[in-house]
Each structure stands twice: as structure tokens, then as C-alpha cells.
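Rule-based calculations on the coordinates, nothing more; no lab input. Keep in mind the model is a prediction, meaning the values are calculated, not measured. Cβ placement follows ideal geometry from the backbone for every residue including glycine, while neighbour counts extend to all protein chains displayed.
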Amino acid sequence: MLQIKSSTMSRPAFSRRTVTVQAASWTKATTTDAIKAAGGKLVVEVAGQKVLFAEVDGAVYAVSNKCSHLGLPLVGKTALFQGKVTNGCVVCPAHNTAFDLKTGEVKGEWCPKFPNLPLVGKIGDSKPLPTFQSRVTGSDVEVFA
Ligand code: FES
């Protein structure tokens, strides 16, 4: 007589759900020469994220190129949509929020160019810009992502 144990009827060994875990590591993203050639700011895709590299007084900083206000690019593809790097900050071209390149913190007023709408205000509270650890090795610029 054939008996089927209940354990053979359990879930398959591999679940349909797959969780991908990627360990962060130092990755070469660009070079100091490329950043200089691009005018001191350069956007590079690293591990699926658009990272803005900005050179200030010989140091290279890496921040998200996606503004924490509405997610618009800080440095876009057109000449009309270019965030400025000034006083250690990158300034969003859409609503002029200035983000500290070292910490990502908002410097000054949140969205000074955005209308203060009745009921909803400036759409969202002040949020810092994500930052990435970066380092320069020779002329290579690496990011921890
Ligand atoms: S989208 Fe950048 S400050 Fe509004």
C-alpha cells in the first residue's frame, strides 16, 4: 500500500518570491577629468541610480540626482534644466531648493520658487537629498553604492 507523507505535500523547495540582496561596494563611477570636462558636475548611473558628482575646491561629492521635493533631476539633459553648484550646495533648477553637497541637508528656504498653495502648502515637508560616500583614487572617482 502506498502512503504519501504529509511532508511531501508541503511547499516547494524554492519559493516563487525572489529577494535579491546586493551588497554595497566601492564602484568606479567616473574620473576627475570627466567631471572637470563636464564643468564640475556630472551625472552617472551607478547601481541603477542616477548619481550627481560635483567637484568643489578639489573634493568630489556624490548625491542623488533626484530632487527630494518632486523627484525632478537636479542636472537634466537640456540646458534649461541645469542645477547650479554654489557655496558647497547644489540648487534645484525647478524650485531653487539648495542642498548641501556633503550632508544633503536643505540650506535656506525649502522651495523658494514654489507657490505656497492654500491647503497643501509647498507640497511636502523639507527633506534632505540622499548622499553617497565617494572617494578619489588616482584619477578614478569611486562611489559606495
Ligand atoms: S523639484 Fe526640486 S525643489 Fe521642487
>> Could you order the peptides 58-71, 32-45 from most to least packed, using the average number of other C-beta atoms within 10 Å per residue?
In response: 58-71, 32-45
>> Pairs of alpha-carbon atoms within less than 8 angstrom and 6+ residues apart define the contacts here; what relative contact order does the range 25-144 have, in percent?
In response: 27 percent
> Roughly what percent of Cα-Cα pairs across the range 25-144 reach past 16 Å?
Replying inline: 58 percent
>> In the range 28-53, whose amide N lies under 20 Å from the spot 7 Å out along Cα-to-Cβ of Lys77? List them in ranges.
In response: 38-39, 41-53
